[in-house]
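Written below as C-alpha cells is the structure these notes are about.
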Amino acid sequence: MGQSASTVAAVAGNHNRIKFRSSPPVISPTMKDSDGDDSDVVVGVSDVGGYDYSSNIPDECLASIFHFLSSGDRKSCSLVCRRWLRVEGQSRHRLSLNAQAELFAVVSVIFTRFDSVTKLALKCDRRSASIGDEALVVISLRCRNLTRLKLRSCRELTDAGMEAFAKNCNGLKKLSCGSCAFGAKGMNAVLNNCSGLEELSVKRLRGITDGATAEPIGPGVAGGSLRVICLKELYNGQCFGPLIIGSTNLRTLKLFRCSGDWDKILEVIAEKVSGLVEIHLERLQVSDTGLTAISKSSILEILHLVKTPECTNNGLKIVAENCKLLRKLHIDGWKTNRISDEGLIAVAKHCPNLQELVLIGVNPTCASLEKLATNCLNLERLALCGSETVGDPELSCIAAKCVALRKLCIKSCPVSDQGMEALAHGCPNLVKVKVKKCRLVTSESADWLRTTRGTVSVNLDTPEPENPDASASDGGVPEVGNENGQVAGQVRGGVNIASSSTGRSNSFKARLGLTTGRNLVACTFRRWSSFGGSSSSRNN
C-alpha cells in the first residue's frame, strides 16, 4: 500500500519470491530453506534500491486514511511496517476488549500502543470471570482522556473500583453499564466526579440494595450536564429518582421494565424538569396520572407507550392537548383496548406535526385514520400491527387520504389483495411498503403493486406463528458509542482478548419476548427514522 511497484529479474537457479517492505518488518521474515526449496524472502525496499513513496505521507494524513478503514483493514495496515503500526495505534480512538480476568496481564501493553483511546468498551461473557478493580484502575490511569465507557457483565467490579475510575477519568461524557455488580456508591462516585456526563444508561445493576434501605442515587455534579437517562430492568430503579429530578437539563428519559409505581415520581419530575422532548415508557406501572404529569412537558416531541395497560384514552387525550409539538408516537396497547379511536382522534386534532405513528395491539377504524390523515399533513411513516379492525376499508382510507405517507408497515391485520390494490392508486409519495403475516394478501398482489408502482419497494413475507409477547422497544441498553475495534491479534505474546458476544441464548430471549415480534417495527423504524432527518430535531 502506497509503495512503488517493483519487479525482480529472474536469476538463474534462484526462483525465490521476493516481497518488499519499507522498513524492517514486525514479524521475522521467512528465509530460504537450506535445501534450496522455494520460500518467501522479505526484503526491505532500501535493500534493492527502491523508494518507499508512503514515506512522503505525513503521519496526520496516514491517520486520516486509517479512520476510513474497517477494524480488520486497520489491523492489516498495522503489519506493513513499524511506522504504520505506530500511527495506527496512536490514531485509534475506539477500542472494544474482552474483559475477562486474563485481560489484566496485558492491559499495560495494550494501552502503551493504543494511547489515544477515548471510547472504550469492556465486555465479558456472563459465564467467565471479569476484570476487577485493579485492572479498571490501571485502565483509568492510562486513558485519562476517556469520554465514553461501556461495561457489560463486569461482575467483579466494586464500588471502590468505580470510585477510583471516576476520579481518574472525570472527563467522562457517556456511561453505559449492564449486568455489573457495583451499586449505588459506585454510581454516585461517577455522578460526583464527572461534571460533564451527558448520557447515562443502566441495565440490571446488581449492587443496588433492595427495599427502603436503598441509597438514593444522584444528582451530584452531573445533574447540570445530563441530557439522556435510560434505566432498564432495575428491580429498585426508583432510587434513581433524585438523579432524574435533579437533572434540570434532561432531554430524554427512557424507563424499561423498572418495578414500582412511577406515577408519583413522574409528577415530581414534571415539576422540576421542563425540557423533556423524548420519553419512553415500557412495561411500567404508570397510569393516566403519570400521563397527566408527562403532559406538562409542553415541548415533548417523541413519546413511546409500550405495554402500559393502565394508560387509557383519557391520559392520551391530555397528552395530545398539551404536547402539540409531538412528532413521533408509538403505542403498544397490549390488546387491552384501553386506547382506541377516541384517543387517536385527540392526537389528530391537537398534534398537526405528527410524522411517525406506530400502533401495536390498538384497534383504529376509518374514523380515527381519516382524522389523522386529514389533520397530520406531515405523516410520513405509519405502522399498524396486530390490529383486528384494520382491513381493506381502512387501508383504502389510508391510500386515499395520507398524501404525505412514504413508509407503510402492515402486520398481522385482516387486509387482503383488495386493500393492496388501493395502494396502487393512492399515497403519491409512497416509497416503501412492508406487509407481514397478513394471510389474505397473496404474492400476486404484491407483484402487481411492484409493476404498477415501479418506484415503490414492496416487501411481503410468508405468514409465521406470531409471538404474543412481542415488544416494540429497542432491544438492550442503548449503546453509548459504536465501539467496533477488535485488537486481540495485535498484541504479541498476549492472551485472547477479542470481544465476544455476551448475549443470552435465543431461546431465553424468545421467552422474554425480546426477539421475534419486535424485529419488524423496531428495526424498520430505526432505519426509517433516518429519513426523518429532513425535519430538524429539537433535542440535538
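The values are calculated or read from the model by the stated rules, or taken from the named source; none is laboratory data. Because the structure is predicted, anything quoted here is derived from the model rather than measured. Backbone-built Cβ (ideal geometry, glycine too); neighbour counts: all protein chains shown. These accessible areas exclude ligands, DNA and RNA; they are computed on the full protein's heavy atoms, side chains included. Shrake-Rupley method; radii C 1.70, N 1.55, O 1.52, S 1.80 Å.
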Handout entry: Cα→Cβ-extended label distance, 7 Å offset, between ASP115 and ARG86, nm
Key = 1.0
Exercise for the section: With 10 Å bins from zero, work out the P(r) of the range 112-181 over every alpha carbon pair and list the percent per bin. Expected result: 21, 58, 21, 0
Problem - Stretch gain in nm, segment GLU342-VAL268, where the contour uses 0.36 nm per residue and the Cα spacing is subtracted - result: 23.8 nm
Problem - Hz values of 3J(HN,Hα) by residue in the range 196-206 - Karplus curve (6.51, -1.76, 1.60), Gly and Pro given as x - result: x, 4, 10, 10, 10, 10, 10, 9, 6, 7, 7
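Using 0.36 nm times the number of residues separating SER225 and ASP73, minus their current alpha carbon distance, what extension gain do you get?
Numbers: separation 152, 0.36 × 152 = 54.72 nm, distance 3.71 nm.
Full extension of this stretch gives 51.0 nm more.
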Completion exercise
Other residues with Cβ under 9 Å from the Cβ of SER225 give, with Lys and Arg +1 and Asp and Glu -1, a net charge of +1
Problem - Violating pairs (Cα-Cα greater than 19 angstrom) within the set LYS335/LYS437; LYS407/LYS436; LYS203/LYS272; LYS264/LYS296; LYS349/LYS401; LYS150/LYS173 - result: LYS203/LYS272
Exercise for the section: Please report the relative contact order for the range 221-342, taking Cα pairs under 8 Å with a sequence separation of at least 6, and give it as a percent rounded to a whole number. Expected result: 20
Practice task
Return the FRET efficiency for the residue pair ASN375, TYR53: r is the Cβ-Cβ distance, R0 is 45 Å, and the value is rounded to the nearest 0.05.
Solution key: 0.10
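Expressed in nm to one decimal, what extension gain is obtained for the pair VAL403 and ASP125 from 0.36 nm per residue of sequence separation less their Cα-Cα distance? All intermediate terms of the calculation are to be shown ahead of the outcome.
Details: separation 278, 0.36 × 278 = 100.08 nm, distance 4.95 nm.
Full extension from VAL403 to ASP125 adds 95.1 nm.
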Practice task
Report, to the nearest whole %, how much of the accessible area of the range 92-259 belongs to carbon and sulfur atoms, 1.4 Å probe, protein only.
Solution key: 47
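Once you order the gyration tensor axes a ≥ b ≥ c over the Cα atoms, which shape class does the range 207-260 get: rounded for a/c under 1.5, otherwise prolate or oblate by comparing a/b with b/c? Could the numbers behind the result be given before it?
Values: a/c = 2.77, a/b = 1.44, b/c = 1.93.
Oblate, since a/c reaches 1.5 and b/c is not below a/b.
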Practice task
Just the number, please: percent antiparallel of the DSSP beta bridges in the range 92-259, rounded to the nearest 5.
Solution key: 5
Exercise for the section: List every residue whose amide H lies under 5 Å from the amide H of ALA121, counting only residues 5 or more places away in sequence or on a different chain, with H placed 1.01 Å from N in the peptide plane. Expected result: LEU95, SER96, LEU97, LYS150
Handout entry: Summed residue charge, Cβ within 12 Å of ASP417's Cβ, Lys/Arg positive, Asp/Glu negative
Key = -3
Handout entry: Inter-label distance, nm, simple model (7 Å from Cα along the C-beta direction), ARG204/SER416
Key = 4.7
Problem - Positive-end residue, the range 99-153 charge dipole about Cα centroid, Cβ charges, pick of ALA135, ASN145, ILE110 - result: ASN145
Handout entry: Length-normalised contact order for the range 92-259 - Cα pairs under 8 Å, 6+ apart - percent
Key = 15
Handout entry: Relative contact order of the range 364-412, pairs being alpha-carbon contacts under 8 Å that are 6 or more residues apart, as %
Key = 52
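What FRET efficiency do you get for THR452 and ILE299 if R0 is 60 Å and r is their Cβ-Cβ distance, rounded to the nearest 0.05?
0.90
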Problem - Shape call, the range 50-190: gyration tensor on alpha carbons, a/c limit 1.5 - result: prolate
Exercise for the section: Please work out the Kirkwood hydrodynamic radius for the range 178-282, using every pair of different C-alpha atoms, and report it in angstroms with one decimal place. Expected result: 13.5
Problem - Positive minus negative residues near LYS296 (Lys, Arg vs Asp, Glu; Cβ under 10 Å) - result: -2
